Amino acid sequence: MIGDPVEKPALFEAFGQRSDCYRFVRGLLCGRGLETVRGLQPYVAVSAKQLADAPVIYLNKGVKPPELGPGWGLPEQFAIWSDGKAAWLILDTQGARDFVLLLNVIAIGPSKDDTQAIEVVLDGKVQRRTRITRGVFSVQISGATPGKPTKVELRLPEAAAPPPFHGVPDPRLLGIGVNEIRVVPLNS
């Protein structure tokens with residue numbers, strides 16, 4: 001099960017004490033009994049073949065790819081940063097209505113742990129709402145129109161200007177830096 005230990009620490013501590021559970025950064029792996037717990041999201045398993053077959057869109061090559069819509073800054077060495085309270089992805093779902101979106105991210109946020117609030121939205125419907133930090137962020141998205149580009153909005157309500165660098169202000173509103181995108185179709 002995937003969940004947010006920052007928002008629900010007591011829940012994670014309680015389950016982490018069980019002998020059939022293993023706690024890790026993004027959630028819990030338990031033998032049983034988590035399906036009724038509010039605040040946890042079932043992990044969508046994708047096969048190694050599905051993952052290997054999914055093309056990778058690299059964002060650390062110095063070029064801004066066409067999959068990035070409004071709300072993204074210029075390419076940097078590591079990644080491309082969101083710039084604003086929302087950033088758009090324009091994705092090819094390879095004919096699938098349902099897919100898993102995987103983003104390799106680093107977040108910058110207002111808290112000491114640099115978590116960033118994020119909402120993933122398709123056609124006005126929130127697909128997932130959570131906090132992210134660093135690593136692979138995944139979300140199952142349902143309802144894409146096969147054969148058409150899928151526009152996914154990433155809402156980043158806590159995006160903010162970073163501190164000045166050597167006294168020079170940075171006007172960007174940074175939320176997440178992304179260096180890799182994968183779209184894994186679940187059906188076709």
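Rolling a 1.4 Å probe over the protein heavy atoms leaves Val168 with an accessible area of roughly 90 Å².
Taking the Cβ of Thr93 as the center, what net charge do the other residues with Cβ under 12 Å away carry, scoring Lys and Arg +1 and Asp and Glu -1? That sum, taken over residues with Cβ under 12 Å, equals +1.
Largest accessible area first, the listed residues Phe78, Phe99 line up as Phe78, Phe99 when surface is computed with a 1.4 Å probe on the assembled protein chains. Can you give the percent of C-alpha pairs in region 32-188 whose distance is more than 28 Å? Counting every Cα pair in region 32-188, those more than 28 Å apart make up 21 percent.
Considering only the other residues whose Cβ falls under 14 Å of the Cβ of Thr145, what net charge follows from Lys and Arg at +1 and Asp and Glu at -1? Residues close to Thr145 contribute a combined charge of +1. Checking the Cα-Cα distances for Lys85/Lys148; Lys112/Lys148; Lys61/Lys85; Lys112/Lys151; Lys61/Lys151 against a 30 Å cut-off, the pairs over it are Lys112/Lys148; Lys112/Lys151. Per-residue extension of 0.36 nm, minus the Cα-Cα distance of Leu186 and Asp98, leaves a gain of 31.1 nm for this segment. Note on region 44-188: with charges restricted to the Cβ of Lys and Arg (+1) and Asp and Glu (-1), its dipole about the Cα centre is near 220 debye. Seen from Asn179, the other residues with C-beta closer than 10 Å to its C-beta sum to a net charge of -1, counting Lys and Arg as +1 and Asp and Glu as -1.
The values are calculated or read from the model by the stated rules, or taken from the named source; none is laboratory data. Note that this is a predicted model, so its numbers are computed, not measured. Don't worry about glycine lacking a Cβ; one is built from the backbone with ideal geometry, like all the others, and counts go over all protein chains shown. Surface areas here come from the heavy atoms of the whole protein model, side chains and all, with no ligands, DNA or RNA. Shrake-Rupley method; radii C 1.70, N 1.55, O 1.52, S 1.80 Å.
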